[in-house]
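The values are calculated or read from the model by the stated rules, or taken from the named source; none is laboratory data. In this text, all values refer to a predicted model and were calculated from it rather than measured experimentally. Neighbour counts run over all protein chains shown; Cβ positions are idealised from the backbone, glycine included.
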Amino acid sequence: MLPIIQVNNISKQYRVSGSPSVAPTLREALMAKLKSSFNATGNHANDSGLFWAVKDISFEVNPGEVVGIVGRNGAGKSTLLKIISRIIKPTFGEVNIYGRVGSLLEIGTGFHPDLSGRENVFLNGAIIGMRREEMRRKFDDIVAFAEVERFLDTPVKYYSSGMYMRLAFAVAAHFEPEVLILDEVLAVGDVAFQKKCLEKMKHVSRQGHTIFFVSHDLLSVRQFCTRALLIESGQLLDDGPVAAVTDRYLELMSQK
Amino acid sequence: MSQVSSNNPELVPRSSRDPLIKISATRSAIIPQLTEAWDHRELLYFLVWRDLKVRYRQTLLGVAWVILQPVLMTLVFTIFFNQLGHFPSEGVPYPLFAYAGLLPWTFFANSISTGSSSLLSNSYIITKVYFPRVLIPTAIVGVRLVDFLIASAVLIGLMLFYRVGITRHMLILPVLVAESTLLAVAIASWLSVLNTKYRDIGTLLPVLIQVWMFASPIIYPSSMVPTRWRSLYSLNPLVGIIENFRAAFFGLPFEWRAMAISAGVTLVLLVYVIHIFNRLQEGLVDRL
């Protein structure tokens, strides 16, 4: 089978704060220019001010695989997902994707408190990449899934946080791109709703969609994924069947 | 959800192995990005719709503000520049003259002032989802374009009041509206992306807008500018737009020279901004 995603040696470098700031004012930029023209040797930021959030990661994913990404906080999981989602650019390397990508790094992106539930479904759908026609077709399913029928025309600022989350997740759950990227989004609602979400995602993956799933909840990673990647300090430490990789992750955690 | 993979057109394996999306460290080419922006026009529509809806829901006067802003300005200008200053107005009643200049100006000035902060104020979306970033400032211009069209209705009302007839010259209006929209999109996009790099833009812009207003034929006709300065003056693309906007409404002779210069400057700016935006959007999310 031909892979749907090829990740080739991607790296992402960041400056640590304290070194030249990321959003300088005009004055700072001018001063930096002046300084560098005066001492031609001294303008290199020293290497200690730089760090690799992701370093030289490569892997391939086949269509229909559900890949869990595990690792500690700050290991580089989100950076990796943001690169694949095209939100940030890698410093080196390339990614080839042979299909549409939808990323849900949070749910309800772009929800506006003053707009009604109905309006937010369409707005959020458009932002995450759904077509209007697709939203019209799935609208009733989304509303039923979220269980907010009675409050559809109420501004979402009056929603309880549970209702808000359910509606936001319902839109996300009905989005079916070829590659779906999920970052911790399942951590919403009560246990029953989480289970419903997981079921929905399994259903999506069975239809041949490829899914990336980042979560600290190893139980749902094990339940849901077929394969896992273990990221540690920006590097790919392990890649294989979900059980083996999550075991290795637990082992690693207990060592520290 | 009844689809199975075999009849879902999106899941049919592609015969060619050219990736649909290619992510790399090198700068993306411009043409594919423009195509991509065009493919996202539905999202553009939703972003404009969102802002209009929210504004009309949050503000008491809603649509009235759109008209009140140029109307109040016209009132002020009429008192100070016409009654006290005796500014000429090409034989058109001064309030009409001023309002017709203020319409495209208000559209332009509001577009660039809200547009300049648009990437910053929408950072909560662009750090979470990818879509062509240029849609954000473009949507702001879209919202202002709707305001512009609404406020234009008042001009027609004023013309009836002053018994100024409608002529065939109005046929050029779509061209002028299109040009001012392109110009507004170019400047708003440019400022918005520059603003993520240098936050000074936000402070500098109100002053710049003031200067720009006095350098445009809004409170005075461009015939007041000495002839030898006229070419330099016309390099301000708003000169050609505003003068011909008035000519279209009041049946005055068109200023073709100013029009041509204005179109040329707009085009050059547009091409420049497409390049600079493409360059500056690279580290955009890293800077937010």
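No other residue among B:Leu145, B:Leu68 is at pLDDT below 95 and of a type outside the set (Val, Ile, Thr) apart from B:Leu68. For segment B:122-157, the set of residues classified as closer than 25 Å to A:Ile83 by Cα, out of contact with any His (no Cβ under 7 Å at 6 or more places or on another chain) and within 12 Å of another protein chain (Cβ to nearest Cβ) consists of B:Asn122, B:Ser123, B:Tyr124, B:Ile125, B:Ile126, B:Thr127, B:Lys128, B:Val129, B:Tyr130, B:Arg133, B:Ile136, listed by residue number. The residue that is nearest to A:Val67 (Cα to Cα), counting only those in segment A:212-231 that are part of a strand (DSSP E or B) and touching a Lys or Arg at 6+ places or on another chain (Cβ under 7 Å), is A:Val214. Within the option set B:Ser121, B:Ser152, B:Ser180, B:Ser111, being modelled with pLDDT of 90 or more, over 30 Å from B:Tyr272 (Cα atoms) and among the small types (Gly, Ala, Ser) holds for one residue only, B:Ser152.
Listed residues A:Arg118, A:Arg222, A:Arg227, A:Arg131; which is of a type outside the set (A, V, I, L, M) and over 24 Å from A:Lys82 (Cα atoms)? Quick ask: steps written out before the conclusion?
Details: A:Arg222 fails: over 24 Å from A:Lys82 (Cα atoms); A:Arg227 fails: over 24 Å from A:Lys82 (Cα atoms); A:Arg131 fails: over 24 Å from A:Lys82 (Cα atoms).
Answer to the check: A:Arg118.
Name the single residue that is nearest to A:Lys55 (Cα to Cα) among those in segment A:1-15 being of a type outside the set (A, V, I, L, M, F, W, C) and out of contact with any helix residue (DSSP H, G or I) (no Cβ under 8 Å at 6 or more places or on another chain). If we take residues in segment A:1-15 being of a type outside the set (A, V, I, L, M, F, W, C) and out of contact with any helix residue (DSSP H, G or I) (no Cβ under 8 Å at 6 or more places or on another chain), then A:Ser11 is nearest to A:Lys55 (Cα to Cα). Total residues in segment A:129-141 satisfying the condition of being in contact (Cβ under 8 Å) with a residue 12 or more places away in the chain and surrounded by fewer than 22 Cβ atoms within 10 Å (Cβ to Cβ): the figure is 5. Scanning segment B:242-285 for residues that are within 14 Å of chain A (Cβ to nearest Cβ) and buried (at least 18 other Cβ atoms within 10 Å of the Cβ) gives B:Asn278, B:Leu280, B:Gln281, B:Leu284, B:Val285.
A count restricted to segment B:193-225 and to residues that are of a type in the set (Gly, Ala, Ser), away from chain A (no Cβ under 14 Å) and either under 17 Å from the mean Cα position of the chain (by Cα) or within 14 Å of B:Ser117 (Cα to Cα) (or both) stands at 1. Residue count for segment A:20-52, restricted to those that are within 23 Å of B:Val193 (Cβ to Cβ) and either touching a Leu at 6+ places or on another chain (Cβ under 6 Å) or modelled with pLDDT under 60 (or both): 4. Which residues, taken from segment B:39-52, are in a helix (DSSP H, G or I) and farther than 15 Å from B:Val141 by Cα? Listed by number, the residues that qualify are B:Asp39, B:Glu42. When residues in segment B:56-95 are screened for being closer than 18 Å to B:Ala151 by Cβ and in contact with an Asp or Glu (Cβ under 7 Å, 6 or more places away or on another chain), 1 of them pass.
When A:Tyr158 is tested against (1) at negative phi; (2) surrounded by 19 or more Cβ atoms within 10 Å (Cβ to Cβ); (3) out of contact with any Pro (no Cβ under 6 Å at 6 or more places or on another chain), only condition (2) is not met.
Counting only residues that are assigned to a strand (DSSP E or B) and over 23 Å from A:Pro241 (Cα atoms), how many does segment A:44-65 have?
4
Restricted to strands (runs of 3 or more DSSP E) entirely inside segment A:66-184, those with at least 3 residues that are under 28 Å from B:Arg133 (Cβ atoms) and either among the charged types (D, E, K, R) or within 7 Å of chain B (Cβ to nearest Cβ) (or both) are A:92-97.
When you check A:Phe145 against the structure, is it in contact with a His (Cβ under 8 Å, 6 or more places away or on another chain) and touching a residue at least 40 places away in the same chain (Cβ under 8 Å), yes or no? Steps first, answer last, please.
On the way: in contact with a His (Cβ under 8 Å, 6 or more places away or on another chain): yes; touching a residue at least 40 places away in the same chain (Cβ under 8 Å): yes.
It is true that A:Phe145 is in contact with a His (Cβ under 8 Å, 6 or more places away or on another chain) and touching a residue at least 40 places away in the same chain (Cβ under 8 Å).
Considering the conditions (1) within 18 Å of the chain's Cα centre (by Cα); (2) among the basic types (Lys, Arg); (3) farther than 21 Å from A:Gly102 by Cβ, A:Arg227 is excluded by exactly one of them, (3). On the stretch given as segment B:146-163, residues that are assigned to a loop (DSSP other than H, G, I, E, B) and either of a type in the set (Asp, Glu) or within 18 Å of B:Val71 (Cα to Cα) (or both) total 1.
With respect to being surrounded by 17 or more Cβ atoms within 10 Å (Cβ to Cβ), in a helix (DSSP H, G or I) and either touching a residue at least 40 places away in the same chain (Cβ under 8 Å) or among the small types (Gly, Ala, Ser) (or both), B:Leu34 falls outside the description.
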